[in-house]
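Novice: Input: one structure, supplied below.
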Amino acid sequence: MKLTGICLKVNREKETIRLTKIIPVETDREYRDESGEKRPMQRQWQPDKFGRFFPANLSMEQIKPVLVKARVKMENVMLERHDDLIVYQYKGKPSIRLNLADGGFYASLSQIEEHSKEAVQQQAHILLENLKKAGLSSAVIGKPVFASSARQVLGQLKTYKKDS
């Protein structure tokens, strides 16, 4: 395993898997603001003061009870350990890798192409949120960021408002 920038290369029996670092992001397309208007919302997780999303001593034995408590059907979950990586995948969803060496989430480029970067980030968010609830993470979720349409942006500009 070799860490280079934001890419991680894993060599396994003549095959090289290129991994890219993933920042967990919560995406809610059904969020309604105070006025009841539907607006997509995103919240990005921030690592702890050491730059980690989870501790270096995290194990599969610690993750399993967290998932059970979160009412995850364990027959749909695949958890595997490969060197310093824990591979997590829920049936039909993208797989993510937890790198115990640097405390970051990684995904293969093929997973990102198949499922989209947003879906991979959402999977990392779901797992990290459960780890946080169980006290296994010191990461902090950021403030909500709302997508806005051009009409909303222009409507807020003083120079664009029409005189009535």
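The values are calculated or read from the model by the stated rules, or taken from the named source; none is laboratory data. Quantities reported herein were computed from a predicted structural model and do not represent experimental measurements. Cβ placement follows ideal geometry from the backbone for every residue including glycine, while neighbour counts extend to all protein chains displayed.
Novice: Which residues, counting only those in the range 51-71, are free of Cβ contacts under 8 Å to residues at least 60 places away in the same chain and assigned to a loop (DSSP other than H, G, I, E, B)?
Specialist: Once the filter is applied, which keeps residues that are free of Cβ contacts under 8 Å to residues at least 60 places away in the same chain and assigned to a loop (DSSP other than H, G, I, E, B), the range 51-71 yields G51, A56, N57, S59, R71.
Novice: Looking only at the range 74-103, which residues are without any contact (Cβ under 8 Å) to a residue 40 or more places away in the chain and in a strand (DSSP E or B)?
Specialist: Let us first name the residues in the range 74-103 that are without any contact (Cβ under 8 Å) to a residue 40 or more places away in the chain, namely 74-81, 86-95.
Hits for the range 74-103 are V77, M78, L79, E80, R81, I86, V87, Y88, Q89, Y90.
Novice: Mind listing just one residue for me: the one in the range 104-134 that is among the small types (G, A, S) and outside any loop (DSSP other than H, G, I, E, B) and, of those, surrounded by the fewest Cβ atoms within 10 Å (Cβ to Cβ)? Talk me through it step by step, then tell me what you get.
Specialist: Filtering the range 104-134 down to residues among the small types (G, A, S) leaves 104, 107-108, 110, 116, 119, 124, 134.
Those still in the list that are outside any loop (DSSP other than H, G, I, E, B) too: 104, 107-108, 110, 119, 124.
Working: G104: 23, A107: 23, S108: 19, S110: 12, A119: 16, A124: 26.
Taking the candidates together, the pick is S110.
Novice: Another question about this same structure. Within the range 135-150, is even one residue assigned to a helix (DSSP H, G or I), of a type in the set (G, A, S), at pLDDT below 95 and under 27 Å from E34 (Cα atoms)? Break it down into steps so the answer makes sense when it comes.
Specialist: Going residue by residue through the range 135-150, those that are assigned to a helix (DSSP H, G or I) are 150.
With the extra rule that they be of a type in the set (G, A, S), the set shrinks to 150.
Pick out the ones that are also at pLDDT below 95 and you get 150.
Right, trim to under 27 Å from E34 (Cα atoms) and you get 150.
The answer is yes, given that some residue of the range 135-150 is assigned to a helix (DSSP H, G or I), of a type in the set (G, A, S), at pLDDT below 95 and under 27 Å from E34 (Cα atoms).
Novice: Read through the list (1) in contact (Cβ under 8 Å) with a residue 40 or more places away in the chain; (2) touching a Ser or Thr at 6+ places or on another chain (Cβ under 7 Å), then give the number of the only condition that Q111 fails.
Specialist: It is condition (1) that Q111 fails.
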